[in-house]
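Please read the structure below before turning to the comments.
Throughout, read-outs are computed from the coordinates displayed, never taken from laboratory work. Owing to the predicted nature of the structure, the values given are computational and were not obtained by experimental measurement. Note that each Cβ is placed from the backbone with ideal geometry, even for glycine, and that neighbours are counted across all protein chains shown.
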Amino acid sequence: MSFNNILLEIDDKLAYITINRPKKLNALNKETIAELHEAFAELDLNDTIRVIILTGSGDKAFVAGADISEFADFDVANGAKLSKQGHETLYDFIENLSTPVIAAINGFALGGGLELAMACHFRVASDNAKMGLPEVSLGVIPGYGGTQRLPQLVGKGKAMEMIMTASMITASDAQENGLVNYVVSQDELIPLCEKLAKRISFNSGTAISAAIKAVNANFKDGINGFDVEIEQFGNCFGTDDFEEGTTAFLEKRKPNF
Ligand code: COA
């Protein structure tokens, strides 16, 4: 895989995707979105990759939003298409991957950038990070899942405030409101994500993938999450990982997943 706008690095069971347009604060243009889709799709097919860490290049931004220069002249139809394609190729796509994705928010995460972090399975931020959905200041609304995922994470009232004021919040405010799980210095950001990734990679990949499906089902209209949990729970009993996990426990040894 060769890319113009992202860097992809694999180290044993861990993959790093770095959005690499620092001069544009890693703003997501069409090509970057397509490259991210390709990278995530490939990595998800690779059974040896157990966790993906997503971050931005440089020390200023995770992603400062969708690339405004690309949609400034769009009409209604093109606007709707932009949003739908974004959901399908990147945002919903990441949320529904089998492989856990951790967002390492190393600076500005604004608009489509915060939406990207919110589509990841959880988030860790550096203490310089600033987060917000400034879209209404541009005469538009968040269109990559922000109106849905932000209230899921921070509650309706805080999400309404953030969306209506278009203001940025600090990393510690984000942590207080459940938007990020941890806040550390920039130097500690990737090491902490790696530590969490390592913990995850000791566990069963098939069980984690089933857990992602069951948790996500809680947030999907018309789907009963409890039914999905029952189905996914049952499926686990047919996996090699279940056999290994339970056998290892009974043999008083660590499982080898
Ligand atoms: N789309 C396109 N380009 C962007 C961008 C975006 N979302 N965010 C930043 N950039 C570009 C700037 O145009 C500038 O490019 P230039 O050097 O060719 O002029 C470059 O990145 C650096 O940004 P700049 O604004 O000069 O940095 P700053 O430190 O003064 O301000 C921000 C940082 C994040 C506050 C500011 O860039 C900003 O408000 N960006 C837009 C955020 C936004 O509204 N995102 C939601 C989009 S839907």
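Here are some notes:
Residues checked against (1) hydroxyl-bearing (S, T, Y); (2) surrounded by 22 or more Cβ atoms within 10 Å (Cβ to Cβ); (3) more than 9 Å from the ligand (Cβ to nearest atom):
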{"site": "I102", "(1), (2), (3)": "no, yes, yes"}
{"site": "L114", "(1), (2), (3)": "no, yes, no"}
{"site": "N128", "(1), (2), (3)": "no, no, yes"}
{"site": "Y144", "(1), (2), (3)": "yes, yes, no"}
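- If you go through region 160-173 and keep only what is crowded, with 17+ Cβ neighbours inside 10 Å and either of a type in the set (K, R) or more than 16 Å from the ligand (Cβ to nearest atom) (or both), you end up with just D173.
- The set of residues in region 37-64 that are touching a residue at least 60 places away in the same chain (Cβ under 8 Å) and crowded, with 20+ Cβ neighbours inside 10 Å comprises F40, R50, V51, I53, L54, T55, F62.
- Flag for D67 being more than 20 Å from E95 (Cα to Cα) and touching a residue at least 24 places away in the same chain (Cβ under 8 Å): yes
- Selection count where residues are in a helix (DSSP H, G or I), closer than 17 Å to N96 by Cα and touching a residue at least 12 places away in the same chain (Cβ under 8 Å), scope region 218-253: 3
- For region 32-73, filtered to residues that are part of a loop (DSSP other than H, G, I, E, B) and not charged (D, E, K, R), the residue that is farthest from the ligand (Cβ to nearest atom) is T48.
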